[in-house]
Amino acid sequence: MHIVHAAAEMAPIAKIGGLGDVILGLSRAFIKMGHRVDIIIPKYNCLDLSLCQNLKLIKNDLKSFENDKWYTNSVWTGVVEGCTVFFLEPHHPDKYFHEGKIYAGATDIPRFIYFSRLLLEFLYHNKEPIDILNLHDWHVSLAAPLYKDIYKPQGLQIGALTLNIHNLEYQGKCATPDLDKIGLQGEKYHTLDKLKDENPSDPETINLLKGGIVYADKIIAVSPNYSREILTVEMAFNLENTLRQHEHKITGILNGIDLEIWSPKKDPFVPAPYSNRNTIQEILQAKSKNKKTLQKRMGLAEEEKPFIICISRLVSQKGPYLIKEGLLHAVKKGAQSGLLGFSPLPKMQQEFENLSEKMKNDPNIFFQFKYDESLSRLMYAAADFLIVPSFFEPCGLTQLIGLRYGAIPIVRRTGGLADTVFDNDDPLIPLEKRNGYTFDTFDFMGINDAINRALECWKNDQDEYQKMLLRGMNMDFGWEKSAKDYLNIYKQLIKF
Ligand code: ADP
């Protein structure tokens, strides 16, 4: 099959969060199964191109349309972690994708609307038959109505269109003239059965993600639980009516992690490597060495204490106040803790910086407010526990990486977290599934109680702790099974 993924992110060259990991991991799984995969992303000027092999300019006269003018674009191609990637580079007076960042805030709407049309121009002129165009999130959702209403009638052949919902909170809201600009008649799409937004309090009235939901042949939510949650008023961010209307197209497939890329045995940033093939003693020794490296690097007391980490964007979805509370509570209870993450919201970022300043002489806690792949990997390999107290979580990857690296997850039971983490103290859960700690109430008591139980086990029942750790490390959250589920859906759609 010829599968094309279009997205805003791709790990490791253009990664902000889980979306980037999924584009890479899923594509690599399809390639291993013998399929042809192309990934299409914008050519951001902040791409780390040292990670791309054979980078070539293959076209510099691809035209795309905005505001009655045709603009020139370049197309580059290269290989990243074994995947063929096409980078589309607009030469547009507004310098789209030349802002030095993947997401640019207010200008994201015009840049990704432009990119959605450019993407189809590229596929149209490329003239290669495509079985599946898999769109991801709001950034490229407009490609669905563009294809069905403009490019398909002109002869572009795509077997089927699928849309992945990685996070329903981000929908891409704009106004009808924004669609006019790239040649879609905005007013024609401003109806409830098309792209009209359904939030009465929002001044913007076009919803780009809704375009993907309405026009795609299939909608894939990134975990089974999330595929059910998005049909509820609480979790649908005002799209519940649309999603219910299109419920017959919705399915949930759990994200995986690439077991080659997330391997504590092969990870170049893990000083003492280990894997589930080692004995528990060898694993604990390696993790203890990694903990010492982390303690040194972050200037913490070099003591053998339980270590609790959090690696997360600091946005309300992730429960930033519960993250703060949990890390401080762990220290009060005699553990060490560390946070890697930052907030796009200046007020939230300031609050965390104030806390970090207040705690700067405490040898048992650290804060790092940046994106740091190498530090994240050392943290997973050093930690005993990892917290994910999300309010909602479409799938969540940090708990899966934590399990693989022997950092036991402590999570709020929502979305994909509820599909992957099972409480060690719950007698109703089969023993072989119990791999962490979960809580339900989104409050300090919820997270603190779960942390207390985790620390209690670490301190007073090492035997139990070690068994749980091994159960988690032995669970298979690789892409193989999920990639097969994707392929079954693709095959049904195109009757392959
Ligand atoms: P998100 O909602 O942000 O996509 P996920 O749990 O699905 O959350 O994925 C997060 C991914 O981003 C993981 O690979 C995690 O290790 C990584 N990550 C998050 N914040 C940072 C950071 N500050 N530095 C390095 N990696 C990070």
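The values are calculated or read from the model by the stated rules, or taken from the named source; none is laboratory data. Only a predicted model underlies this, so the values are computations on that prediction, with no experimental measurement involved. Neighbour counts are summed over all protein chains in view; Cβ atoms, including those assigned to glycine, are modelled from backbone coordinates with ideal geometry. Quick note on the areas: whole protein, heavy atoms, side chains included, nothing else; ligands and nucleic acids left out. Shrake-Rupley method; radii C 1.70, N 1.55, O 1.52, S 1.80 Å.
Distance between the 7 Å Cα→Cβ label points at Ile16 and Ser50: 2.4 nm.
Expressed as a rounded percentage, what relative contact order does region 299-360 have, with Cα pairs under 8 Å and six or more residues apart? Relative CO of region 299-360 lands at 39 percent. Rg then Dmax, both in Å and based on the Cα atoms of region 164-221: 11.3, 30. Using equal-weight Cα scatterers in the Debye expression, the normalised intensity of region 347-496 in log10 at q = 0.13, 0.14, 0.15 Å⁻¹ is -0.70, -0.79, -0.89.
Which log10 I(q)/I(0) values does region 1-154 give at q = 0.10, 0.11 Å⁻¹ under the Debye formula, counting every alpha carbon as one identical point scatterer? Reported log10 I(q)/I(0), two decimals: -0.31, -0.38. In this label model, Asn60 and Tyr371 are separated by 2.8 nm, measuring between points 7 Å along each Cα→Cβ vector.
Note on Lys332 and Lys467: with the Förster distance fixed at 35 Å, the Cβ-Cβ geometry gives a FRET efficiency of about 0.80. For the set Lys292/Lys467; Lys194/Lys218; Lys32/Lys484; Lys194/Lys249; Lys173/Lys194, the pairs lying more than 21 angstrom apart at their alpha carbons are Lys292/Lys467.
If the convex hull of the alpha-carbon atoms of the chain is projected onto planes in all directions, what is the mean projected area in square nanometres? Before the final figure, lay out each step's value.
Values: hull surface 91.0 nm².
Orientation-averaged projected area of the Cα hull: 22.7 nm².
Do any GluC sites (Glu not before Pro) in region 187-249 lie in a DSSP loop with no more than 12 other beta carbon atoms within 10 Å, and if so, which? Show your work: numbers first, answer last.
Working: sites: Glu187, Glu198, Glu204, Glu229, Glu234, Glu240, Glu247; in loops: Glu198, Glu204, Glu234.
For GluC sites (Glu not before Pro) across region 187-249 that sit outside H, G, I, E and B with at most 12 neighbouring Cβ atoms in 10 Å, the list reads Glu234.
Counting only DSSP H runs of at least 4 residues, each contributing -39500 (n - 2.57), and dividing by the residue count of the chain, the helix-based mean residue ellipticity at 222 nm comes to -11000 deg cm²/dmol.
With the highest mean first, a sort of the peptides 212-220, 121-129 on other beta-carbon atoms found within 10 angstrom per residue produces 212-220, 121-129. Would you mind counting up the charge near Thr251? Only other residues with Cβ under 9 Å from its Cβ, with Lys and Arg at +1 and Asp and Glu at -1. Within the 9 Å Cβ shell, the charges total +1. Of the GluC sites (Glu not before Pro) found in region 267-374, those in coil by DSSP whose Cβ has at most 14 other Cβ atoms within 10 Å are Glu302, Glu303, Glu304.
Starting from the Cα gyration tensor of region 185-259, multiply each eigenvalue by 5, take the square root, and state the resulting semi-axes largest first in whole Å. Walk me through the numbers on the way to the answer.
Working: eigenvalues 121, 38, 25 Å².
Calculated on Cα positions only, the semi-axes equal 25, 14, 11 Å.
Find the all-direction average of the projected area of the Cα convex hull for region 1-79, expressing the result in square nanometres with one decimal place.
If you wrap the Cα atoms of region 1-79 in a convex hull and average its projections, you get 6.3 nm².
Taking the DSSP beta bridges with both ends in the chain, the antiparallel portion is around 30 percent.
The portion of the accessible surface of region 133-215 made up by carbon and sulfur, rounded to a whole percent, is 50 (1.4 Å probe; DNA, RNA and ligands excluded). Across the chain, C-alpha contacts under 8 Å between residues 6 or more apart give a mean separation that, scaled by the residue count, equals a relative contact order of 12 percent. A Förster distance of 35 Å, applied to the separation of the beta-carbon atoms of Ala106 and Ile261, puts the FRET efficiency at 0.55. Spread over its residues, the convex hull of the C-alpha atoms of region 308-418 is 93 Å³ per residue.
Under unit Cβ charges (Lys, Arg +1; Asp, Glu -1), what dipole magnitude, rounded to 20 debye, does the chain have relative to its Cα centre? Before the final figure, lay out the partial values.
On the way: 59 positive and 62 negative charges, 217 e Å.
The calculated dipole for the chain is roughly 1040 debye.
The H on the amide N of Val421, modeled in the peptide plane, is under 5 Å from the matching H of no residue at least 5 residues off or on a different chain. Surface analysis of the chain yields an accessible area of 40 Å² per residue, using protein heavy atoms and a 1.4 Å probe. Residues in region 330-343 carry Karplus couplings, in order, of 4, 5, 4, 8, x, 9, 10, 8, x, 10, 10, x, 8, 10 Hz; the curve used is 6.51 cos²θ - 1.76 cosθ + 1.60 with θ = phi - 60°, and Gly or Pro positions show x. Taking amide H as placed 1.01 Å from N in the peptide plane, Gly478 has its amide H under 5 Å from the amide H of Ile257, each at least 5 places away in sequence or on another chain. Sequence-ordered 3J(HN,Hα) estimates for region 226-238 from the Karplus curve with 6.51, -1.76 and 1.60 and θ = phi - 60° stand at 5, 5, 7, 4, 5, 8, 9, 4, 5, 10, 8, 6, 6 Hz, glycine and proline given as x. Its relative contact order, with pairs defined as Cα atoms under 8 Å and 6+ residues apart, puts region 319-468 at 20 percent. When peptides 107-120, 252-265 are sorted by average Cβ neighbour count within 10 Å, with the highest value leading, the order is 107-120, 252-265.
Less than 5 angstrom separates the built amide H of Ile410 from those of Leu386, Ile387, Val388, Tyr437, all sequence-distant by 5 or more or on a different chain. Taking 0.36 nm per residue of separation and subtracting the Cα-Cα distance, full extension of the segment from Asp180 to Gln492 would add 108.9 nm. Spatially close Lys pairs in region 54-130, defined by Cα atoms under 16 Å apart and a spacing of eight or more places or different chains, total 4.
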